[in-house]
Structures are given as C-alpha cells and as structure tokens.
1. Looking only at segment 165-183, which residues are part of a strand (DSSP E or B), more than 12 Å from Ala210 (Cα to Cα) and more than 60 Å from the chain's Cα centre (by Cα)?
2. For segment 404-459: of the residues being in contact with a Gly (Cβ under 7 Å, 6 or more places away or on another chain) and of a type in the set (D, E, K, R), which is nearest to Tyr379 (Cα to Cα)?
3. All but one of (1) in contact with a strand residue (DSSP E or B) (Cβ under 7 Å, 6 or more places away or on another chain); (2) touching a residue at least 24 places away in the same chain (Cβ under 8 Å); (3) of a type outside the set (S, T, N, Q) hold for Leu578, so report the exception by its number.
4. Just to be sure before I move on: is Thr544 away from the ligand (no atom under 16 Å from the Cβ), assigned to a loop (DSSP other than H, G, I, E, B) and either out of contact with any His (no Cβ under 8 Å at 6 or more places or on another chain) or not assigned by TED's automatic domain parsing to the domain that holds Pro447 (or both) in the structure I sent?
5. When you look at Phe557, is it surrounded by 14 or more Cβ atoms within 10 Å (Cβ to Cβ), modelled with pLDDT of 95 or more and under 19 Å from Met618 (Cβ atoms), yes or no?
6. Sort out which residues of segment 547-567 are closer than 19 Å to Gly584 by Cβ and either part of a strand (DSSP E or B) or away from the ligand (no atom under 13 Å from the Cβ) (or both), and write them in order of number.
7. Can you run down the residue pairs with Cβ atoms below 7 Å, 6 or more apart or on separate chains, where the first is in segment 260-276 and closer than 22 Å to Thr248 by Cα and part of a loop (DSSP other than H, G, I, E, B) and the partner is modelled with pLDDT of 95 or more and β-branched (Val, Ile, Thr)?
Amino acid sequence: MQHQRPPAAHPRQRPLLLRRRQRSRRRRRHRPCLAAAAAAAKTSPSSSSVASSKKGGAIVNRACAPCAADFYSTIARAVGVSRCTACAAGTSTNGATGSATCFVAAGAFLNAATKKVEPCPVDSHCPGGDVATAAASQRIPCPNGASTRGQAGGASLAACFAEAGSVYDGASVGPCPRGSWCAGGSLAGAGKAATACPPGTTTASTGATARAQCTVQPGYYFAAGAAAQCPADSYCVGGSIEGSGSQTQACPTNSFRAPGAARLGQCVIPAGKTYVGGAVVDCPRNFYCVSGAIEAAGSAPVAAPAGTTSAVGTRSLQDCIVDAGRTWTGSATATCPANFYCPAGPISGSGSTPTAVPANTRSDPGASSLGQVRVLAGYYWDAASAAAATCPANFYCPEGAISGSGSTPTAVPANTRSDPGASSLGQVRVLDGYYWDAASAAAAPCPRLAFCAEAPISGLGSSPQTCPAGTVGGPGITRAADCVAPTPAVHASYYAIPSGTTALPDFAALTPYAQRFVATVYYPVTLGLVADSGRSDNVAAVFTGTLDIPTAGSWTFFLASDDGSKMYLSALPDPAALLINNDGLHGTTEVRGAATLAKGAKQVRIEFFEAGSAASIMLLWEGPGVSRQPVPATAWIYDPHSG
Ligand SMILES: [Ca+2]
C-alpha cells in the first residue's frame, strides 16, 4: 500500500528559505525505514513486496514512505542516513513511486563517455532501460538498408524505415523482389510488406515501388485483376497495369489478327488490300497485294510484272493479267510465239498458256487473238465448223486473217473457174475462148486475131495466142486450127465516070453500078481491070471499112494511087476527117498522113478514080509495133452493115 502524493517540485525552483525548510522536512521524512518495512512485511505475504520495501522508501512522519516519482532510493536497511535521490537528467522512474532505480526512456541512451542521456542517434533505435544495467546504453543500428529517415530519437525498430522499392525480411532490407512492389515504411509495419503483382503480371526488375510498376507483357492486357491474352483483331502493347497494359487497341478497320498480337505491325492486312497512311485501302492498279502483317507484306504492294496489268484490289501475282500478245513463262512475260495466239488473261490461267493455232493456219509472233491467226493460202476459215477448210471450186483463197479475208473465199471472176484449193487469182483459170485482160481485171472474149484455150491467169490465160498469119480467131476460138481467113470486110462501091475526068467526082450525086466486099485495099499497078470493078478505065470506087487499130499511138498511112485518091478517117466524106489528099491525074504517087489513134475500131473511107492507062490503089500503114506494110485483110473488122 502506497500513499499518493503530488510529485515534488524541483528543489532549484524554490526560494532558498523554502528549500531549507523542505530539506529539514526531507531529513525527517528520509529516515531509515526498517520499522515500516517490517510492518509492511507482516501485512504482505509477498517476498518481493518485502524486498521492495527495503528500497525506495524513507521515514516520513516516523513512518516508512515510498520515494516519490522520479526519485529513487537504493538503501536497503537503516544506516543512519536515509533519503530519496532525484533521477539523473534524462531519466525517470517512468512515473512510479517508491522506485529503487531510474530509467532511460526509449529513444534515448546513456552515453557512457559523457555520463549523459542523449537522444538515440540517427539510423538507430534505443530501447532505453534501467540505468543500473547495460540496457540504458543500448544503441541498436537500424538493419542494413534501413534508416530513420534522418530523425534521431528512435525508440524501437518501428523508427527504422525501408524506402519504397525495398522490403524488410526480418533480418535486413533488400530490393523488393521482382514480381512485387514495395511501398516502403516502418520496419515494424509497411516496410515488411512486398505486395505481389496480380496474376500474370510482373515487374521489369527488382525494386518496384508501386503497383503501377506491375506490367503485362506485350500481347497481353490487364483486366479483371489478371493478365489475359490480347483478344482477336486487336493488339496489346503491354506495360503498366495502370496504364497502357490495361488497354487493347483495335487493329485497323478491315484488318484482322489472331489473339496475342503485341503491336500494330502484327495486324494482318487481307489479300487485295494494303496499309497506307494509317488505313487499309484497296491494292492500287497495276500492283498486287498478298495478305500479310502490316510490318511485313501487308504494307508492301508489289508492282505487276512488265507485260502485265492488274485491276484495283488484285490479290496475288497469279491474278495479274498478261497483256494480249504476250505469255507468262514462269518468271516474266514474253512475246507470244509464232503459231500460237495469246489473248490477255491471268497468269494463273490463259495468261500462261498460249493457244496453238488450228490446222492449216499460222500466226506471226505476238498474235493476241484467233482473229489474228492467218488461214493458209488455199484454205478459208469455216466459222460453222470453226476450222480451216479447203477453198472450194470456183473460189480462190489467199492467206488472210480469220477476222478478215481468211474467212471469205473469193468467187472467181466471170468466165473463169478454179479447182478446189486455189490460193490466188493467178491460179484461177480463164475459160476457153476468153483471156484475162489485166487492164480491166476481167476475163474478156478472145481478141480477133488470137485463140484462147483455158489457162490460168498467171500463165497463158493472160496471153491470147496469135492466130497464124492471115487468119483470125476471136471470141470462142480455142485452137490455132480454128483460126480462119477473115471474111472480106471492106465495102467497095464502083461507079462509072465520064471520059476525061481529072479529079474525084461528087460520089453523092452518083449511083454505084456494083457493090461488094473486098479483103483489103491493095491493088498494085495494072493496065487491066481495076480491082474487081470489072472496068479498066473511067471507073471510080469508094472503099469503106472499120480498121482494128491494134495499139494506141501515132499511125502513119501511106496512100498510093494512079490516078487520084483521098483518105478520110470517117465513113462519110467529112472534110474535117480528111487525112490524105492524093487527088488529080497522075501516075502511081504515094501521099502519107499521120494521126494519133486510140486502140480499137476506126472508120476509114477511101475514094479513088482511074481515068485511063495504068491504074493502082494501095493502102499501107506503120505504127506502134507494126513496120510499114500493106494494111492486111486481118486488120479490117467485118461489119455486114458497113457501107
Ligand atoms: Ca491511070
């Protein structure tokens, strides 16, 4: 049992007289305390109570009393002087009375060198304790890696701190383990805590300080408290679970991706499209675009090879279109070979497969269509059977393109024919009695002076054969043996004229006494009958006929007569058509006249008279290809109506 008293004020705080009075009272109070102790022993069964009663007390008012708080007494028995001693500076009885000792408070220590109580140093903690023991001097360093954060006076381990990113394991402070984060704090509390990152996440290294340093690896993202694989058609860059690691990014529109993509470049662009400027767009014309990741083929259109084209959105090399007239050889295009044709087509199909030309046709290199294929000479393209067929009889078939003449046999001209398989006009045969007139490009009746057997245009069909001299052939005549002497074609009229005539008469006023046809006008000098007039003298004649001028050009006529004569290039005596005037009485005299004449028929009129004695009338000519000579009977065209 102890008496409660208010703690005494410090002696030095009191005035001197008062202090003396109090010392006197204290002497009385601090007397030996055995009696009281013995009394106390009788009333307390506790031996400790008996022991404690031996110290920390003093006699007060003849009774034994405990030392006040912050005073102590070590006296165990009466020695004549008894008193309580104040605790040294910095120590206390921790509020207890009757203490036999003083204590250093936690957070301070008793410096043995200075004998003074000092605050516990930085980075240590001091539990304090009984000044009579070593405990009062204890200075315990914070564990390795911990500190008091610059503060002195640490009382316990709680005053030591682990910094953020480190953790106290009960022995020392080390880096926060990888996969955890450590906020740091007092070693008695938060400093011991390493918080594991959520499932599937970790930290980049040891020493993480905060949850935000927990990361998911690329290809994963943090959701619902754990890492999960990045979903399809998205990508996940990973990172802090409180930042990018918690996000999924959609692959660009029209791209796709299996789960687990870690970056934009792993999004896959479908074939026929490409990734440009942040968007998926159609593969451009004349390129092709295979499917691939953005970071690979998906953003790399490939140019269509030379000699090919491609439409917008082409998906592969095989879809490129080989140009018409070219073909794909496996690595490049080449000109379509001869005897094949090559329409435009994909590399995967017709673009790689030249088509052989049909039988009896051919093609030049670079042909692009069946229409360009050429049907061989002697054949034509029969559309119904889609094949080259032998050119039919009475047609001819030069080589030609199927799209043009090769599909159209050409009918032979009139009055010609052909055998099957004719390849050219030259092989066409001109019918008997005709010849091929190149100038008019037609079969014409055989000329008057020729015979014409069937023959090809390229041969004798264009060359009428001349009849033997003095004979004529003409239309329908096919053999030399059929050529005949011409029918007399010059119409002769004979007139009786008076004796003493000296010049040609006016025939219009006369009437012929005889008319007949004669072969030509060529009667040399005679003293007998004049021509076939039946008279020797005083006779006149008019010869009319039509000359067949064989060749156009300048023709010279020679008219010799005894006596007078005239030659007109007309049937009637047209003064404008007078070519030769050989009139008057004279012996055989020749007069010439020239004219430019067209080929073919030309009417001629010759007037003549014989007065007496010798007589002659002779017509000669000279012209292109014809030397001076009498005009032959064959030069006259028979016309029964002439004259
Ligand atoms: Ca005469």
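The values are calculated or read from the model by the stated rules, or taken from the named source; none is laboratory data. Please read all numbers here as calculations on a predicted model, not as lab measurements. Neighbour counts are summed over all protein chains in view; Cβ atoms, including those assigned to glycine, are modelled from backbone coordinates with ideal geometry.
1. Val167, Tyr168, Val173, Gly174
2. Arg429
3. So Leu578 meets the others, but not (2).
4. Criteria not met by Thr544.
5. In short, yes.
6. Hits for segment 547-567 are Phe557, Phe558, Leu559, Ala560, Ser561, Asp562, Ser565, Lys566, Met567.
7. Note: pairs meeting the criteria are Ala262/Val237; Arg263/Val237; Cys267/Ile294.
Each row is one residue, and each column tells you yes or no for (1) touching a residue at least 60 places away in the same chain (Cβ under 8 Å); (2) surrounded by 15 or more Cβ atoms within 10 Å (Cβ to Cβ); (3) touching a Ser or Thr at 6+ places or on another chain (Cβ under 7 Å); (4) not assigned by TED's automatic domain parsing to the domain that holds Ala356.
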{"site": "Ala383", "(1), (2), (3), (4)": "no, no, yes, no"}
{"site": "Ala386", "(1), (2), (3), (4)": "no, no, no, no"}
{"site": "Pro392", "(1), (2), (3), (4)": "no, yes, no, no"}
{"site": "Glu399", "(1), (2), (3), (4)": "no, yes, no, no"}
{"site": "Ser407", "(1), (2), (3), (4)": "no, yes, no, no"}
{"site": "Ala414", "(1), (2), (3), (4)": "no, no, no, no"}
{"site": "Ser418", "(1), (2), (3), (4)": "no, yes, no, no"}
{"site": "Asp432", "(1), (2), (3), (4)": "no, yes, yes, yes"}
{"site": "Ala439", "(1), (2), (3), (4)": "no, no, no, yes"}
